[in-house]
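One structure below.
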Amino acid sequence: MSLFENSEIPIDDAAEAVFGWAKIHGRVFFDALSDGLSAMIDGVLAAFEAVPPLVLIAAVVALAVLLHRSWKVPTIAGLGLLFILNQGYWTETLETLTLVIAACIVCMGIGVPIGIVGARKPKLYAGLRPVLDLMQTLPPFVYLIPAIVFFGIGMVPGLIATVIFVLPAPIRLTEIGVASTPKPLVEAAEAFGATSWQRLVKVELPHALPQIMAGLNQTIMLSLSMVVIAALVGADGLGVPVVRALNRVDTGLGFESGIVIVVVAIILDRMLRVERRS
């Protein structure tokens, strides 16, 4: 037993060596990435903060009416946002929504193209599948360590950790949607002389659109589930009062901020759940 223990595979040393090498040689890349993500986050947050709260609530309610053509979802959205405003968590909610939107932009911008390539090249996707499994299986807290190493403290490392955790969802669902396109449709498009790009745009993507939208839904909800974890690396938002309550063992503050997170999740879920109208 001692011989087996003494021959331990040096995973920790290898990981430290890889991260150390990447930190030294990739400093320019990581700095540029950090600056770009910071600019996107600041821009989205500034756009939110430029709108008065009641005007923004009215806009969300109007959007809910357009999406659902009923009174239930707009009522839920309006009352939920008014409750958040009443509880004094408006700024934190805007910061959380900024993180969620930024994560959606990055995840969908990366995940959808990778999913399309994976559907077109099954062998490549078969090799990618274990990586996606690892990304979804590793505890999210593990992602905070390299995020801090490469990006320091703040919203950017929180966004990076969120993206790593969420990215497999849009990749998998996009691949499923494109790969499940009925062969007769593909063969008909090819018979009419459609190029590979035309087949993708006019046949495969329209057929995969419900799956892609499901991937967007999953991206938003999974990103929201990361707000507390992201707060541990200095990301602003609704996770901050939760972490503060945990440090103080403040039951009231923890319950209050937790309820606000639940309200935000309900609003987003109901807004995104657009049913097909007959």
Subject >> segment 1-120, relative contact order [Cα under 8 Å, separation at least 6], % >> reply: 24
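Contact order normalised by length for the chain, with contacts defined as Cα pairs under 8 Å and 6 or more residues apart; what percent is it?
Reported as a whole number, the value is 23 percent.
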Original post:
Can you count the Lys pairs in the chain whose Cα atoms are under 29 Å apart, with each pair 8 or more apart or on different chains?
Top reply: 5
Subject >> Placed amide H near residue 236: partners under 5 Å, 5+ positions off or other chain >> reply: 155
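Pairs of Cα atoms under 8 Å, at least six residues apart: use those to get the relative contact order of segment 147-207, whole percent.
Numbers: 22 pairs, mean separation 18.2, N = 61.
Averaging sequence separation for qualifying contacts and normalising by length gives 30 percent for segment 147-207.
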**OP:** For every helix of n ≥ 4 consecutive DSSP H residues, a contribution of -39,500 (n - 2.57) applies; sum these over the chain, divide by its total residues, and give [θ] at 222 nm rounded to the nearest 500 deg cm²/dmol.
**Re:** -26500 deg cm²/dmol
Subject >> Cα point-scatterer Debye curve for segment 191-278, base-10 log of I(q)/I(0) at q = 0.17, 0.18, 0.25 Å⁻¹ >> reply: -0.79, -0.84, -1.17
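Under unit Cβ charges (Lys, Arg +1; Asp, Glu -1), what dipole magnitude, rounded to 20 debye, does the chain have relative to its Cα centre? Show your work: numbers first, answer last.
On the way: 18 positive and 21 negative charges, 252 e Å.
The dipole of the chain has a size of about 1200 debye.
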**OP:** Please turn the phi angles of segment 40-51 into ³J(HN,Hα) values with the Karplus equation 6.51 cos²θ - 1.76 cosθ + 1.60 (θ = phi - 60°), one per residue in order, whole Hz, x for glycine and proline.
**Re:** 5, 4, 4, x, 5, 5, 5, 5, 5, 5, 6, 9
Original post:
For Cα extents along the principal axes in Å, which listed value, (i) 68, 48, 36; (ii) 57, 49, 37; (iii) 69, 61, 40, comes from the coordinates shown?
Top reply: (iii)
Original post:
Residue by residue, what Karplus-based ³J(HN,Hα) values in Hz, rounded to whole numbers, does segment 54-65 have, using 6.51, -1.76 and 1.60 with θ = phi - 60° and x for Gly and Pro?
Top reply: 5, 5, 5, 4, 4, 5, 5, 5, 4, 5, 5, 5
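Could you please put 128, 63 in sequence from largest to smallest accessible area, using a 1.4 Å probe?
On the way: 128 50, 63 85 Å².
Greatest to least solvent exposure: 63, 128.
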**OP:** With a 1.4 Å probe and every protein chain left in place, work out the accessible area per residue of the chain in Å², rounded to a whole number.
**Re:** 56
Original post:
Once phi is turned into ³J(HN,Hα) by the Karplus curve 6.51 cos²θ - 1.76 cosθ + 1.60 with θ = phi - 60°, what whole-Hz value does each residue of segment 32-37 show in order, with x for glycine and proline?
Top reply: 5, 4, 4, 5, x, 5
Original post:
Taking all protein chains as present, what is the carbon and sulfur share of the accessible area of segment 85-207, in % to the nearest whole number, probe 1.4 Å?
Top reply: 71
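The values are calculated or read from the model by the stated rules, or taken from the named source; none is laboratory data. Treat the numbers as computed from the prediction; the structure is a model and nothing was measured. Positions of Cβ are backbone-derived with ideal geometry, glycine not excepted, and every protein chain shown enters the neighbour counts. Just the protein is used for accessible areas: all its heavy atoms, side chains included, with ligands, DNA and RNA removed. Shrake-Rupley method; radii C 1.70, N 1.55, O 1.52, S 1.80 Å.
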